[in-house]
1. Be a star and scan the stretch 36-51 for residues whose amide nitrogen sits under 13 Å from the point 7 Å along the Cα-to-Cβ vector of Arg102.
2. In whole Å, what is the distance between the alpha-carbon centres of the stretch 77-142 and the stretch 308-328?
3. Rounded to the nearest 5, what % of DSSP beta bridges with both residues in the stretch 48-413 are antiparallel?
4. Show the residues, 5+ positions off or on another chain, whose built amide H is closer than 5 Å to the amide H of Gly375.
5. How large is the Kirkwood hydrodynamic radius of the stretch 48-413, counting all unique pairs of alpha carbons, in Å?
6. What is the chain's relative contact order, in percent, from Cα pairs under 8 angstrom and six or more apart in sequence?
7. Run the quick spin-label model on Thr250 and Glu277: label points 7 Å from Cα toward the beta carbon, then report their separation in nm to one decimal.
8. How much length, in nm to one decimal, is gained on full extension between Asp310 and Thr89, taken as 0.36 nm per residue of separation minus their Cα-Cα distance?
Amino acid sequence: MRVRRASDGSHAPAWGTAPAIPLAKPQGRLPTLKMPTARGWSDGRTPLAAPGLRVNAFATGLRHPRWIQVLPNGDVLVAEAISVAGKITSAFDYAMFSTMQRAAAVGISPNRITLLRDADGDGVAEIREIFLEGLNQPFGMALVGDTFYVGNTDGVVAFPYVPGATRITAPGRKLNSFNGGGHWTRSLLPSPDGTKLYIGVGSLTNIADEGMAVEAGRAAIHELDLKTEQTRIFAAGLRNPVGMAWEPHTETLWTVVNERDGLGDETPPDYLTSVREGGFYGWPYCYWGQTVDDRVPQDTALVATAVTPDYALGGHTASLGLCWMKAGALPGFPAGMAIGQHGSWNRSTLSGYKVVFVPFEGGRPSGPPRDILSGFLAPDERESYGRPVGVTPGPDGALLVADDVGDVIWRVTG
């Protein structure tokens with residue numbers, strides 16, 4: 001594998017369709033742990049918008065907003081949830097918990113969905129209601145017909161929905177079950193015809209550290225048939241598939257995936273990929289195609305089938321949010337995918353902490369990435385003002401961005 005170095009001697013970022021990924025350099029039992037202290041935004045400060053764009057706060061004062069769903073009437077729903085501390089059984093567990101706590105990445109989960117309404121069309125939500133509460137680490141949301149679906153960490157729940165309602169009080173009906181812990185988010189995406197629901201389920205551990213039995217049904221995208229309510233694995237070997245989106249011209253499913261830790265700053269890169277039905281994408285045995293991770297007991301037959309992802313997004317960028325942007329949605333931007341990069345912890349110099357755009361042409365990524373929003377991270381990397389997660393087109397065509405450290409929904413326009 002080629003290794004490309006930056007001018008200062010470090011490895012250049014592993015991006016694009018043919019990334020130069022450095023050879024693995026295992027970090028040992030105590031891998032690199034670096035994360036900025038969460039400070040939030042003050043004195044009217046905002047992220048930095050790319051030239052030709054502007055950004056404003058659509059809503060502030062939320063509690064760890066992670067994901068966004070826009071309803072047909074223009075109401076904006078925000079899932080508010082956070083990682084919950086697991087068992088601490090080692091010095092590394094304690095160090096990780098302390099670091100995440102300082103970075104505002106673990107705590108008591110709000111477990112609710114908030115409704116925001118910009119009734120006067122000025123780009124700021126002046127109406128706020130609790131839409132649903134008493135949930136279990138809610139993340140993904142989807143409206144299909146008159147049913148509203150929530151991706152709780154322990155399964156998908158269906159609720160009756162009345163158009164224009166600002167609150168759901170009816171009890172939900174659980175459609176399936178997933179084990180919590182580890183990568184806890186459960187993103188949802190309906191099929192274009194509304195008959196299926198796709199669900200992102202991340203792994204429990206980094207590289208099946210506790211064996212494959214506890215990883216059953218995880219590191220996969222599931223397909224839920226909304227008529228039969230049967231769930232099956234659609235694609236596997238995806239360590240933590242979070243954001244999902246349809247490329248509208250080919251109706252191909254795409255996802256962003258967080259890759260494994262402990263092998264170096266750029267090894268392996270997180271990625272954006274199309275998702276093949278029945279495809280296997282390598283986890284935990286290998287990465288970026290069939291590059292074997294020799295820390296893991298191997299399944300050579302499965303490795304031989306591993307699909308190479310389409311587009312590398314840099315090492316440990318924690319690319320979570322994903323949405324399709326039509327051409328011209330933001331001035332000067334062609335059609336493509338917007339990606340919310342939550343930001344790294346397992347590297348010597350931090351990466352991510354921005355919203356980026358990957359152009360598409362003919363149903364495929366077609367060029368280098370462009371920044372949409374940056375400035376979430378202090379120049380000295382000691383503090384983060386925010387961390388972007390979910391991204392989605394707003395009711396007026398602006399791009400909405402959930403910031404779970406700043407407790408803000410940002411709105412990006414021309």
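No lab work stands behind these numbers, since they all come straight from the coordinates. Please read these numbers as outputs of a predicted model, since none were measured by experiment. Don't worry about glycine lacking a Cβ; one is built from the backbone with ideal geometry, like all the others, and counts go over all protein chains shown.
1. It comes to 36-39, nothing else.
2. 22
3. Roughly 100 percent of the DSSP beta bridges within the stretch 48-413 come out antiparallel.
4. When sequence neighbours closer than 5 places are left aside, the close amide H contacts are Leu48.
5. 20.5
6. 19
7. The answer from the label model is 1.6 nm.
8. Values: separation 221, 0.36 × 221 = 79.56 nm, distance 3.73 nm.
Result for the pair: 75.8 nm of gain on full extension.
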